[in-house]
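Working notes, structure below.
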Amino acid sequence: MRLKTKITLGVLFLYFMLLLVSVLGYYYLTNLNVKARTILQDNYESLEYSKNMLIALDTLNADRSSGLQTFEQQLHRQETNITEYGEGSATVQVRRAFEQLKKDSAVSQQELQAIRKSIYVIMDANMQAIVGKHESVKKTANNALLYIAVISGVCFLLGFTFVYNFPGYVANPIRELTIGIKGIADKKYSQRLHFKSADEFGELATAFNTMAQRLDDYEHSNLARIMFEKQRAEAVISSLKDATIGFDTRNIILFANTPALQLLNMPEQALIGKPAQEVAKYNDLLSFLVNPQNTGPLKIVVDGKECFFTKELVDIDYANERIGYIIVLKNITSFREQDLAKTHFIATVSHELKTPLASSDFSLKLLEDERIGHLTSEQHELVESLKQDNLRMIKIVSELLNLSQVESGNIQLQPQPVAPAQVLEYALDTVRKQAAQKQVNIQTRIPEQLPSIQADVEKTAWVLVNLLTNAIRYSPAGSAVQLAIAQTADTLTFSVQDEGKGIPAAFREKIFERFYQVPGTHSQKSSGLGLAIAREFIEAQGGTIGVESEEGKGSLFYFSLPVAV
């Protein structure tokens with residue numbers, strides 16, 4: 001039998017019991033109502049007629065005509081309502097006596113007595129009938145209560161048994177199925193369901209057991225292959241030369257290859273399966289690696305030698321969902337050494353070039369001295385050209401020396417509280433002559449009250465001079481350069497805005513790189529190092545530097561430095 005059929009039969013059973021109790025109650029109540037109505041119609045009315053006839057007899061002496069008429073009416077009604085044994089003969093006797101009474105002119109007490117006697121017989125018959133019918137009604141009512149109580153009790157017991165057991169019949173298999181599904185979700189493929197019924201639950205149990213068996217077979221058949229793949233993956237990870245550590249989305253450490261274990265100086269058992277935050281409490285290197293804000297190179301001493309590494313974070317995605325990530329430490333020690341060697345080479349070459357360049361500059365100044373001799377116009381042009389080239393070479397060598405000092409960490413900064421006006425005055429004095437030659441007007445917007453900044457005067461002024469020089473160089477003749485200082489909560493921002501061509505969006509992020517020049521704006525007076533050195537100077541003092549520009553609408557270069565406490 002199907003589950004749907006069982007539920008339907010159960011509901012019909014409850015409906016049948018309710019219908020049975022309702023029909024039985026209706027039957028007995030209707031029967032009682034009929035018997036009560038019979039008493040009223042048959043017996044009570046006869047008693048009422050008899051009473052009225054007795055009253056009419058009592059009024060004959062006072063008003064014979066009215067009394068006879070009333071008696072006649074009540075007697076006629078009684079004659080049409082004869083229902084009990086002996087009531088008919090008594091009514092006939094009353095009729096005879098009444099007819100005789102009407103014929104006599106005077107009222108005879110004997111006739112009245114006979115009529116009353118017959119009326120009493122009628123009343124007695126109806127009274128006895130009422131008593132008998134009352135007992136019958138009482139018996140019927142008691143039987144009705146008994147039958148209804150028995151039927152209701154049986155229906156209640158059956159209904160309670162059905163209500164108590166039937167939900168469990170439906171819910172228990174569902175609960176067992178839920179437990180089985182949870183077991184399968186926990187990879188307990190030995191889970192089975194055992195339903196003895198042949199309905200949908202039985203079919204569900206059979207399908208579930210088949211599924212569990214196939215999953216169990218699949219698990220065992222693929223276990224060896226999975227273990228092989230796992231071992232092969234571990235072998236590949238262990239063979240990587242770069243230190244590699246894997247994490248899941250909950251920051252649980254999944255694996256770490258041999259180079260990573262050596263750098264962390266920890267055994268594999270202390271790492272695998274442990275939360276990264278917990279292990280990081282006892283390992284500074286791991287604490288540095290799991291912090292997403294730490295992105296710069298790091299120095300680690302390995303076997304007494306300083307080694308440099310960069311951290312790379314690679315997300316692991318599966319089915320468009322992030323399931324973990326890997327941290328790779330790339331050893332850049334050789335590149336760092338090469339870069340340091342390059343820096344030392346540049347510093348050495350620049351230093352060696354600075355002396356002959358300074359000597360040649362002095363020689364060119366002597367050639368311009370008229371005391372030595374007069375130069376022709378052609379000779380003067382050649383000397384001026386050599387002088388400009390020499391100055392450019394001296395500037396490039398100076399910038400290379402500054403850059404080498406920054407890269408090697410030998411640059412000496414002396415940050416101290418400095419008045420912004422001091423930096424501003426030095427920069428304006430330096431570029432005033434160049435601005436006049438280019439016919440560029442430098443306009444300043446400086447608030448009257450400004451706090452001191454924590455900065456190195458010489459390096460900060462050098463940066464501002466570099467920004468002003470670039471603005472003057474790329475501004476058209478007759479234009480203006482805006483120099484402004486703005487104060488925020490804890491910083492002062494110096495800004496220089498020109499009216500030049502502007503910088504395309506594609507090149508704004510690259511102009512602070514070494515030797516980079518925006519295509520189409522190459523200048524023989526620019527080496528491409530000024531902005532790179534400026535960034536190093538400002539960031540070394542804890543500040544920031546940037547640019548805002550729109551092609552065709554000029555550029556705004558700015559740098560911010562902290563206010564002195």
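Summary table below
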| item | result |
| --- | --- |
| Matching residues in the stretch 492-517 - criterion: being of a type in the set (V, I, T) and modelled with pLDDT under 90 | I503, I511 |
| In the stretch 88-147, residue modelled with the lowest pLDDT [restricted to those that are among the aromatic types (F, W, Y) and under 21 Å from L75 (Cβ atoms)] | F98 |
| Boolean, F201 is at pLDDT 80 or above, in a helix (DSSP H, G or I) and not assigned by TED's automatic domain parsing to the domain that holds G25 | no |
| Residues being farther than 15 Å from V328 by Cβ, at pLDDT below 85 and in contact with a Lys or Arg (Cβ under 8 Å, 6 or more places away or on another chain) - total across the stretch 277-306 | 1 |
| Selected residue (criterion: nearest to L14 (Cα to Cα)) from residues of the stretch 127-161 that are of a type in the set (A, V, I, L, M) and under 60 Å from the mean Cα position of the chain (by Cα) | L158 |
| Options T258, T210, T310; residue that is surrounded by fewer than 13 Cβ atoms within 10 Å (Cβ to Cβ) and among the β-branched types (V, I, T) | T210 |
| Residue check for I179: in contact (Cβ under 8 Å) with a residue 60 or more places away in the chain and either exposed (fewer than 14 other Cβ atoms within 10 Å of the Cβ) or assigned to a helix (DSSP H, G or I) (or both) | no |
| Residue match in the stretch 316-328 (condition: under 30 Å from A540 (Cα atoms), modelled with pLDDT of 75 or more and out of contact with any Pro (no Cβ under 7 Å at 6 or more places or on another chain)) | yes |
| Looking only at the stretch 424-463, and only at residues there that are assigned to a helix (DSSP H, G or I) and touching a residue at least 60 places away in the same chain (Cβ under 8 Å), the one that is farthest from P476 (Cα to Cα) | K459 |
| Qualifying positions in the stretch 124-137 - touching a residue at least 24 places away in the same chain (Cβ under 8 Å) and out of contact with any helix residue (DSSP H, G or I) (no Cβ under 6 Å at 6 or more places or on another chain) | M127, Q128, H134, S136 |
| Any hit, the stretch 460-467, residues being more than 53 Å from the chain's Cα centre (by Cα) and at pLDDT 85 or above | no |
| The one condition in (1) out of contact with any Asp or Glu (no Cβ under 7 Å at 6 or more places or on another chain); (2) under 24 Å from Y44 (Cα atoms) that N81 fails to fulfil | (1) |
| Residue pairs meeting the criteria (Cβ under 6 Å; at least 6 apart or on separate chains; first assigned to a helix (DSSP H, G or I), in the stretch 324-344; second at pLDDT below 80 and among the charged types (D, E, K, R)) | T343/E407 |
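Matching residues to (1) free of Cβ contacts under 8 Å to residues at least 40 places away in the same chain; (2) among the basic types (K, R):
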{"residue": "E72", "(1), (2)": "yes, no"}
{"residue": "R77", "(1), (2)": "yes, yes"}
{"residue": "R95", "(1), (2)": "yes, yes"}
{"residue": "E111", "(1), (2)": "yes, no"}
{"residue": "I115", "(1), (2)": "no, no"}
{"residue": "S118", "(1), (2)": "yes, no"}
{"residue": "I122", "(1), (2)": "no, no"}
{"residue": "K139", "(1), (2)": "yes, yes"}
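The values are calculated or read from the model by the stated rules, or taken from the named source; none is laboratory data. Fair warning: this is a prediction, and the values are worked out from it, not measured in the lab. Please note: Cβ atoms are built from the backbone with ideal geometry, for glycine as well, and neighbour counts cover all protein chains shown.
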